[in-house]
Each structure stands twice: as structure tokens, then as C-alpha cells.
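Okay, structure first, notes after.
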Amino acid sequence: MNQIKELLKERFGYDSFRTGQEAIIEKIMRQENVLGIMPTGGGKSICYQLPALLLEGLTLVISPLISLMKDQVDSLNEMGVPAAFINSSLNNAEMNQRIRLAVDGKIKLLYIAPERLESAEFRQMLQHVPIELLAVDEAHCISQWGHDFRPSYLRLSEIIHQIDHAPTIVALTATATEHVAKDILQLLDIPQDNQVKTGFARENLSFQVVKGAKDSYLLEYLKANHGQAGIVYASTRKEVDRLYYLLKDKKITAARYHGGMNEQERSSNQEDFLFDRVQVMVATNAFGMGINKSNVRFVIHAQIPGNLESYYQEAGRAGRDGLPSDAILLYAPNDLQVQQFFIDQSESDITYKQSEYMKLREMNQYAHTQMCLQRYILRYFGEDAKECQQCSNCLDDREIADITVDTQKVLSCVKRMGERFGKGLVAKVLTGSKDQKITQWKFDQLSTYGLMKDKSQKEVTDLIDYLTAEGYFSLSDSQYPLLTISSLGINVLLGKQQVTRKQAAVQKRERDDEL
Ligand code: ADP
């Protein structure tokens, strides 16, 4: 074991391992297959790079990130470790030459993109390479339940079974729900007990959800944090362009990055950001995978992403150096429609789409919960945690109001409507709207019709969102989510449970005046 520590110091220059690293490396050295689940910035690369130096044979690294591959190979070469990559940027002759080096044992690590595995010829070739360790980076891409499924990853099991002398397998990911982790274990022949999962909490990140005027918040934030590097994510190319020009107009130095730009533009903009020539990178989610910039002080999502896995991964690009950093979601209900549209348009099958709709709802609930935000995310990944004491919910010092009566009104309305409708229509009934649908369904004859007419429809839908996030309703995984009452909700209807909510004191006072 001392040899491993010495190597860590000597080759990588680190005095100690980060959580999880040593456990993963030990298992690899015992030729046990292992799955490592560590947060972004947790130090996954060393988990296969270090064993690669100790092993006789080759370490084959599967990674979907072309930019990361090149960076890692460059830095390994600088350290004097012979390594190479193969991806679509190479011609056949170059590719064959690198394969030859691998066959002859002249390189220790070979990085390949998963798409290579699609070629039968390439798979054939791999049979002649003495692979001792197979490292699968971004391993969640193998699971249909992951947020970034790549069909070519499924070829991996084929490769594993084709190789005569079965290599040891190490799968690594920063985002795996229990469902995804199970898939990885099964597809890559990893024993159930060989999971190394380090805490997912990112203690240096302050999570915040901000509702209200997004542009002015963004501009004020950037002004107040002048000189600090950060990323602003948006969902569409058009919105990236709009925000980019908005910042430019306000003399904030920014670069942009999205799939509609050519490769040269993208890489030069990326460099401007990496080398601190601009303060802000405005980008779609095409930017960031494998970007190793440690001093990112904030990640702001100007539009809600499609699921919590992506959100946590993207937000996690802030503060990789361990210093305090912000992860801010600017929330506007309309932005959900963009994500909804992406799912509608995708060509995936219905089961997959349903799971995507569900994930979007869970993402939406994050914006409405009053639970500690870090805790909320960790729960989603199956981990319990203490309250972080620094997110916008932990720091929310508004008064706690008892909203049991309002909650009962909403629940009984949903019940009377047969639990077959979404929050929009429920809010209309409760506020006494004269919408045609209401009369058509005869909802104006319900006893709950107009029961909350002192509130706006928006206030009521906000309340429903809050109640959903807190678990009083269950949502269907259909395209248009229907509200059904959960067992927790039934307890409230039965008067067995109180419901509270933090809300602005001024609002409460207004209502007190009315009473
Ligand atoms: P991940 O792939 O998990 O996002 P990386 O492997 O890129 O993370 O590592 C993130 C950063 O942490 C890198 O700058 C890396 O050099 C550094 N790092 C990794 N292991 C250690 C360690 N044991 N001690 C100190 N720094 C480390």
C-alpha cells in the first residue's frame, strides 16, 4: 500500500488521497471490478491513472469527452507516462499507429470515445491488445435511466466478453441514482458490494433558487461579483445569444458556447474563459463536461434544466478548488415548457419519455421546496444529509405560517374534481374562474368553487407547486401531470397533520387585516 501512496506523491504530487480514491484503487489492484460514485471534482481520474502505472498491461479508458481526453493525455505525457487517445479527429493511419503502440505495450493508457466501439473492425482489433484494466468514465451513460444515455456504451459488455483474459473494470460517475447504479453494476459485471460511494455533499456550494425578474437579478449579481469567473447556463442557443448580447451591452466581459457555433469559435471562446480573459461563459449544456477550471465562483442557471442529475453536475462545476461558491437557479415557470418541448420532440420510446417527464417534475419541485436545497438534492441521490445552513432555504428567515386550512381547501378541491386534472385547472376552480372548461365540466357547482377567490391563480398554482414539492400530492409521469393526493395529503384532509410554509410577513399582515 505504501507503494501506492508513494506513487501518489511522486507522480501526482499529492500528499493524501481524497475520500474514496484509495478504496477504489485497492479494489482494482486486487483485480476486483468496482463502481466509484464521486462528485464532480472529487478526483475520479486518479482512480484509474494511478493503477495504470502499476499494472503490466494496458489501461483502456472509455470517455465521451473528447476535450478531456486530449487534456489528460497531454498531462500524462508531461508526467512522462506514455498515453494516447483515439477519436474521430484522427485519420485511419494515425489510428492504426496508436493501436500498434498499444499492441506492442508501448503505451500505458489508451483513451477512446465510445463511438469507436460501434465499429466491428475496431472491436476486432481490440482483441489483440493486452487490456488489463478497463476504465469506464461517465459510466451513467450506459444506463437508459441516466440523463445522458449513449447507446454505444452498451457495446462495452460485448467487448468485456470478447476479451480472452477478462480485464478488471472500474466504472466512474458523478451522477447515479440507485436505479442507474444498479444498471451499471449489472451491465458491467460489477459485484453489488463493490460500490464506493463518497458523500455527494458539496460543502463549499451555496445553492439558491431565485424567483422574479431574471435579467435584472443576473446583471446585479454579475456587477456585485465583478472579476469573479462563472458560468451562466441557458437551455437554448437563442437564449444563450440573447444573454450574451445583454451582458456585452452592459460591458460585462463574456464568451458564449453552444452547438450552433463552429468548432474553432467554440474552442477559442472556451480558452478565453479558461484563461480568465473573460469573466463569464454563457452557454448551453454543450459546455462544461470535462472542463477543468478550478476557480469558477458561480454557476447560474438562467433557465431550469431538465433534471436534477444535470443540474447537480452543471452546478458542481463551481468551486472545484473547494472555496465558497454559488449555485443559483433563476426560476420562471415558462422555462419548464422549453424542457417539456425537448422531451416531446425526442425520438425516444414512451417509457423513456415518461421517466424524463417525471425527472422534469422533480426538478421543478426543487424550485418550490422549502427544504434545505443541498439536502433535497442529496435525497434525490439516495443520501441523507444535514441542513447545509447556507442555501437560500436555510437562510430564509421569513415567518413560518400555518397553512393547514388553505392546504385542506386545495386537497378537497382536487378530490372533488376526481384527481384527474392538473394544477392549472384546480387553481381556476379554487379562484372561481369563469373559464369555459369550468362550466363545461360543471366545476362551478362544486362546493370548492371560488373557495380561494381572495387569491390570484398564480398564488394558488405556487401553493400547489409547494405542496407537491413537500409531498402532499403525487404526480403522474404523463406529459400533462395530473394531481393525485398522497398519503401525506390524506392525513392533512383528515386533520391529522399540520402544514406550514415560510412566507413574507407583509403578505400575512395583509391577510390579517382582511380578516
Ligand atoms: P473528477 O473527474 O472527479 O471531476 P478530477 O479527476 O478531474 O475530478 O480531479 C479534480 C481535481 O482534483 C483535479 O485538479 C485533480 O488534480 C485534483 N485531485 C485529485 N486527487 C487529488 C488528491 N488526492 N489530492 C489533491 N488534489 C487531487
Rounded to the nearest 10 Å², the accessible area of Asp396 using a 1.4 Å probe with every protein chain kept is 30
Region 280-333: relative contact order from alpha carbon pairs under 8 Å, six or more residues apart, as a whole percent, is 43
Projected onto their principal axes, the Cα atoms of region 168-276 stretch, largest extent first, over whole-Å spans of 55, 34, 25
Residue span Arg242 to Asn292: 0.36 nm per residue of separation minus Cα-Cα distance leaves a gain in nm of 15.4 nm
So the pair-distance distribution of the chain, from every Cα-Cα distance in 10 Å bins, comes to percents of 4, 17, 25, 24, 16, 9, 4, 1, 0
Heavy-atom accessible area of Leu101, protein chains in place, probe 1.4 angstrom, given in Å² to nearest 10, is 60
Rounded to whole Å², per residue accessible area for the chain with a 1.4 Å probe reads 46
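Using a 1.4 angstrom probe with every protein chain in place, what is the largest-first accessible-area order of Lys353, Lys251, Lys496?
Details: Lys353 35, Lys251 170, Lys496 145 Å².
Largest to smallest exposure gives the sequence Lys251, Lys496, Lys353.
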For the chain, averaging the sequence separation of alpha carbon pairs under 8 Å that lie six or more residues apart and dividing by its residue count, the contact order in percent is 12
Each label sits 7 Å from Cα toward the beta-carbon; between Ala332 and Arg30 the label points are separated, in nm, by 5.4
As straight-line cross-link partners of Lys214, the qualifying lysines (C-alpha separation under 20 Å, not fewer than 8 residues apart within one chain) are Lys223, Lys238, Lys248, Lys250, Lys251, Lys458
Counting only DSSP beta bridges fully inside the chain, the antiparallel percentage to nearest 5 is 15
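Of the peptides 324-333, 399-408, how do they stack up when ordered by the mean number of other Cβ atoms within 10 Å, highest first? Numbers along the way, then the final one.
Details: 324-333: 20.5, 399-408: 15.7.
For the peptides 324-333, 399-408, the packing ranking is 324-333, 399-408.
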Of 294-302, 341-349, 197-205, 377-385, ordering from highest average Cβ density within 10 Å down gives 294-302, 197-205, 377-385, 341-349
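Would you kindly calculate the translational diffusion coefficient of region 71-155, applying Stokes-Einstein with the Kirkwood radius from alpha carbon pairs, for 4 °C and a viscosity of 1.567 mPa s, and quote it in µm² s⁻¹ without decimals? Please report the intermediate quantities before stating the final value.
Working: Rh = 13.9 Å.
Translational D for this selection: 93 µm²/s.
As an exercise, identify the GluC sites (Glu not before Pro) in region 26-133 lying in DSSP coil whose Cβ has no more than 13 other Cβ atoms within 10 Å.
Working: sites: Glu26, Glu32, Glu56, Glu78, Glu94, Glu115, Glu118, Glu121, Glu132; in loops: Glu32, Glu56.
Within region 26-133, the qualifying GluC sites (Glu not before Pro) (loop, at most 13 other Cβ atoms within 10 Å) are Glu56.
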Candidate cut points under trypsin sites (Lys or Arg not before Pro) in region 49-141, DSSP loop plus at most 14 other Cβ atoms within 10 Å of their own Cβ, are Lys106
Ignoring ligands and nucleic acids, Glu419 exposes an accessible area, probe 1.4 Å, in Å² to the nearest 10, of 50
Check: C-alpha center region 302-319 vs C-alpha center region 428-479, spacing in Å is 30
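Beta carbons within 10 angstrom, averaged per residue: use that to sort the peptides 210-219, 253-262, highest first.
Values: 210-219: 14.8, 253-262: 18.4.
Ranking, from highest mean packing down: 253-262, 210-219.
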Label model pair Ile163, Ser267: point-to-point distance (7 angstrom along the Cα→beta-carbon line) in nm is 2.9
Of Lys5, Lys434, Lys182, Lys293, ordered by accessible area with the largest first and a 1.4 Å probe, the sequence is Lys434, Lys182, Lys5, Lys293
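Ranked by accessible surface with a 1.4 Å probe, highest first, in what order do Met417, Met358 come? Intermediate values should be presented prior to the final figure.
Details: Met417 5, Met358 60 Å².
The most accessible residue leads, giving Met358, Met417.
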Scoring region 338-418 by relative contact order with C-alpha pairs under 8 Å, at least six apart, yields a percentage of 18
XL table Lys70/Lys197; Lys70/Lys293; Lys409/Lys496; Cα-Cα > 21 Å flagged, in table order, is Lys70/Lys197
One finds the C-alpha centres of region 1-74 and region 203-227 to be spaced, in Å, by 36
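The values are calculated or read from the model by the stated rules, or taken from the named source; none is laboratory data. The model shown is predicted, which means the values in this text are computed figures rather than measured ones. FYI the Cβ positions are ideal-geometry reconstructions off the backbone, even for glycines, and counts take in every protein chain you see. Accessible surface is based on the protein model in full, side chains and every heavy atom, while ligands, DNA and RNA are left aside. Shrake-Rupley method; radii C 1.70, N 1.55, O 1.52, S 1.80 Å.
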